[in-house]
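Here's the structure, in C-alpha cells; my notes come after.
The values are calculated or read from the model by the stated rules, or taken from the named source; none is laboratory data. Predicted, not measured: the structure shown is a model, and the values here were computed from it. For neighbour counting, all protein chains shown are included, and Cβ atoms are generated from backbone atoms with ideal geometry for every residue, glycine included. Please note that ligands, DNA and RNA were not included when accessible areas were found on the heavy atoms of the full protein model with its side chains. Shrake-Rupley method; radii C 1.70, N 1.55, O 1.52, S 1.80 Å.
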Amino acid sequence: LGLVWTCLADNPPPFPLLPTEPEDPALDHFTWNVAASKMRLLDAIENMLDASHPHFVHPWFLRTAAKRRPVEVDIHIHPGGAEAVYHEDAQAAGFMPRLLEGKRTVAIGRYFAPTIGQLIFRTERGLSVSLTAIFTPEDVNLTRPFAWFSTERRLAPAWLKKLVLKEFNRPLLKQDQRVLADQVRVVDAMGGDVQFKVGPLDMLGPAIWKIANGAEVAEVRERRTVYL
C-alpha cells in the first residue's frame with residue numbers, strides 16, 4: 001500500500017491481513033490523505049461500516065431518509081476482522097449511488113483488524129468502487145483517515161473518476177466528521193465510560209470493539225434480513 005506499519009508492543013502480533021483491492025494492478029487507484037479531526041478511533045471505523053447511518057447522517061445522498069426495503073445480509077466474524085455482504089440487487093435509492101452506479105447488486109463492509117475499514121460496491125458490470133480507509137490515531141480522540149479508492153478501468157479516465165469521487169465524498173466526510181465530533185463531546189460529558197446499546201442493525205460494531213481490544217472472538221457465520 002506504500003504505507004509504513006508500526007506496532008509499539010514488545011512482542012508484536014503477526015502482521016495483520018490487508019485488503020487486496022488497493023494493490024490490484026488491473027484497477028485504477030487514487031489516495032486521499034484526509035486531515036485529522038475529532039473522532040474516537042473505533043467509533044470512526046464503526047461509522048464507516050454502519051449500513052444504517054446513511055438514512056440519518058447522509059439522507060438522500062446515499063440512501064433515502066424514509067423509504068426502506070428488505071436486504072439479505074451475510075455476516076462473517078473471525079479473529080482477524082469481520083465482513084457483512086448486503087445482497088441489494090436493486091436500483092440505488094440515494095442520489096449519489098443512483099448517478100454513479102445505477103443498479104447495485106452487492107455492497108460489502110469489511111473490517112481488517114486493527115484499524116482498517118473497507119466498503120465495496122458492485123453492479124451487474126462488476127466493481128463500481130472500493131474505498132479502503134486506514135484510520136490512524138494521532139492523539140486522544142483525534143483520528144486521521146487515509147482513504148484509498150479503487151475502480152475498474154472503463155471509458156472514464158482515472159483523473160475524472162478521482163475528481164468526481166472526491167467531490168461527491170467531500171460533503172459526506174464533513175457530515176461524518178460532525179456527528180463523530182458530537183459523539184466525542186457526549187461521551188466526554190458522560191465521563192468517558194459508556195456502554196453502547198446494540199441493536200439488530202449493529203452487525204459489525206460489537207466485533208470491531210472486541211477484536212480491537214484484544215478480546216477472544218469466535219468465528220461466526222449468519223444471515224439476517226434488514227431494512228435499508
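Scan region 149-228 for chymotrypsin sites (Phe, Trp or Tyr not before Pro) in coil per DSSP, keeping those whose Cβ has at most 14 other Cβ atoms within 10 Å, and list them by number.
Loop-located and lightly packed - Phe196.
Can you tell me the order of 109-118, 48-57 when each peptide is scored by its average per-residue count of other Cβ atoms within 10 angstrom, highest first?
Numbers: 109-118: 22.1, 48-57: 19.1.
Packing order, densest peptide first, comes out as 109-118, 48-57.
Leaving out same-chain residues fewer than 8 places away, which lysines sit with a Cα under 24 Å from that of Lys161?
Result set, ordered by chain and number: Lys103, Lys174.
Heavy atoms only, probe 1.4 Å: what % of the accessible area of the chain goes to carbon and sulfur, would you let me know? Write out the running numbers ahead of the final one.
On the way: 7130 of 12390 Å².
Of the solvent-accessible surface of the chain, carbon and sulfur hold 58 percent.
Just one of (i) 1.17; (ii) 1.00; (iii) 1.08 is Cα Rg over 2.2 N^0.38 Å as worked out from the coordinates here. Which one is it?
Label (ii) holds the value from this structure.
Compute the separation of the alpha-carbon centres of region 85-115 and region 126-148 and state it in Å as a whole number.
17
Grab the other residues whose beta carbon is less than 14 angstrom from that of Glu21, score K and R as +1, D and E as -1, and report the net. List each step's numbers first, then the result.
Details: positive: Arg110, Arg122, Arg153; negative: Glu23, Asp24, Asp28, Glu83, Glu152.
Taking every Cβ under 14 Å from that of Glu21, the sum is -2.
Give, as a single signed number, the net charge of other residues whose beta carbon lies under 15 Å from the beta carbon of Ala93, with Lys and Arg counted +1 and Asp and Glu -1.
+4
Could you report the chain's accessible area per residue, 1.4 Å probe, as an integer in Å²?
54
Packing-wise, with mean Cβ within 10 Å as the measure, how do 32-43, 6-17 rank, highest first?
Highest-to-lowest ranking by the protection proxy: 32-43, 6-17.
May I ask you to derive the FRET efficiency for Leu8 and Val194 from their Cβ-Cβ distance with R0 = 30 Å, giving the value to the nearest 0.05?
0.70
May I ask for the longest run of the chain untouched by GluC sites (Glu not before Pro) that are loop-located per DSSP and have at most 15 neighbouring C-beta atoms (other than their own) within 10 Å?
1-123
Note the full-extension length gain between Lys166 and Asn33 as 0.36 nm times their separation in residues minus their Cα-Cα distance, in nm to one decimal.
Here the answer is 46.8 nm.
Express in whole angstrom the spacing between the alpha-carbon centres of region 175-209 and region 34-51.
10
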